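The values are calculated or read from the model by the stated rules, or taken from the named source; none is laboratory data. Note that the structure is predicted; figures quoted are calculated from it, not measured. Here Cβ is always computed from backbone atoms with ideal geometry, including for glycine, and neighbour counts include all displayed protein chains. All accessible areas refer to the heavy atoms of the entire protein, side chains included, with ligands and DNA or RNA removed. Shrake-Rupley method; radii C 1.70, N 1.55, O 1.52, S 1.80 Å.
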Amino acid sequence: MFTIEQVLQPETLEEAYQALHGNISNTVLGGCAFLRLGSKKIATAIDLSELKLDYILEPGKEIEIGAMTTFRTVETHPTLHQLFNGVLPKSVSNIIGVQFRNVVTVGATVYSKYGFSDLLTALLALDTEVELYKGGRLPLEEFLQKSFPKDILTRLFIQKNARKASYQSMRNSLSDYPILTIAVSELNQRWRIVVGARPLRAQLASKASEALSNSKLTAEDIEQSASLAVEELSFGSNIRGSAEYRKAMCKVLVKRGIMEVLQCK
Ligand SMILES: Cc1cc2nc3c(=O)[nH]c(=O)nc-3n(C[C@H](O)[C@H](O)[C@H](O)COP(=O)(O)OP(=O)(O)OC[C@H]3O[C@@H](n4cnc5c(N)ncnc54)[C@H](O)[C@@H]3O)c2cc1C
């Protein structure tokens with residue numbers, strides 16, 4: 001179990017940021033579900049709950065999601081059910097149970113770049129940007145690929161467009177961590193195929209996505225793109241599944257994802 005010496009509830013992000021850098025063990029708190037699994041000794045725990053970061057807004061051409069928004073809010077948000085064929089609510093709906101999803105936060109999940117993350121896989125198939133307090137706004141893909149100085153994730157932005165999407169995951173049992181996560185999307189004949197829980201973190205299969213975008217979408221093209229995704233990405237083994245099993249499942253789920261997007265209205 002983790003321990004906390006003192007809790008700070010900053011009133012500004014600058015105060016939170018300064019506190020984060022005040023001591024190496026100072027730590028930002030999300031819903032604490034993951035933190036409590038560890039044994040970290042935290043000098044100052046920085047609780048962001050006074051900063052009004054728990055919201056989903058649609059100010060114009062974007063959806064804005066605050067870092068302290070819970071998975072349950074994502075799961076039940078009416079607009080998110082309508083957009084992208086409900087891919088975001090679907091991605092979080094199998095994680096443990098409702099009480100758990102009422103607690104865990106979007107900001108912690110994205111900032112921590114968990115390999116097993118269902119939400120990250122779905123977000124990467126959309127036009128998503130993250131905002132770091134000091135690091136500013138950048139594409140999610142860039143955020144996942146590079147490392148950045150310690151910061152606070154404040155918001156996510158997703159372009160509100162007509163992207164069609166599908167989310168697939170495979171688990172040994174309903175509430176277990178996923179063995180593999182797949183998100184496929186299409187906008188203006190440009191496709192994105194994303195594979196996560198390999199068990200490495202979600203990654204765009206860029207060659208497979210490109211090949212599919214330039215194809216006539218025949219059964220053979222779909223088969224070939226699914227094979228390309230398996231070839232270009234790396235897969236590993238853990239207690240949930242072997243690399244070979246993941247590769248076999250990747251091909252099946254990518255095909256399923258593409259077929260589902262083709263059926264979307
Ligand atoms: C038992 C268990 C099973 C799980 N199963 C799944 C699963 O099947 N699929 C899945 O996708 N996820 C799963 N998760 C992960 C879960 O969905 C959350 O991603 C995870 O718990 C982190 O969210 P939190 O709000 O609890 O973060 P916390 O535990 O509070 O924080 C996690 C880390 O994020 C940092 N942090 C928090 N907020 C911010 C911020 N705004 N900016 C910068 N850093 C921040 C914290 O300092 C900490 O290092 C599971 C977690 C647990 C505990």
Share of Cα-Cα pairs in segment 3-49 lying beyond 18 Å, as whole percent: 21
Amide hydrogen neighbours beyond the local backbone of residue 191, cut-off 5 Å, H modeled: 213
Among 85, 94, 188: highest mean-square fluctuation, GNM of the chain, C-alpha pairs under 10 Å: 188
The chain - convex hull of alpha carbons, volume per residue in Å³: 126
Relative packing of 8-17, 52-61, 118-127, 75-84, which averages over residues the other C-beta atoms within 10 Å, highest first: 118-127, 75-84, 8-17, 52-61
Surface/4 estimate of mean projected area, convex hull on alpha-carbon atoms of segment 164-263, nm²: 5.8
Within a Gaussian network of the chain (alpha carbon springs, distance under 10 Å), most fluctuating of 164, 41, 247: 41
Accessible area (Å², 1.4 Å probe, nearest 10) - residue 235: 30
Links that overshoot a 22 Å alpha carbon limit, given the list 146/207; 90/255; 113/255; 90/113; 164/207; 113/134: 113/255
Note, ³J(HN,Hα) from phi for segment 39-52, Karplus 6.51, -1.76, 1.60, rounded to Hz, x at Gly and Pro: 10, 4, 9, 9, 6, 10, 8, 9, 8, 8, 5, 8, 9, 6
Per residue value of the accessible surface for segment 85-161 (all protein chains in place, 1.4 Å probe), Å²: 38
Accessible carbon and sulfur surface of the chain relative to its total accessible area, %, 1.4 Å: 52
Within a Gaussian network of the chain (alpha carbon springs, distance under 10 Å), most fluctuating of 182, 42, 152: 42
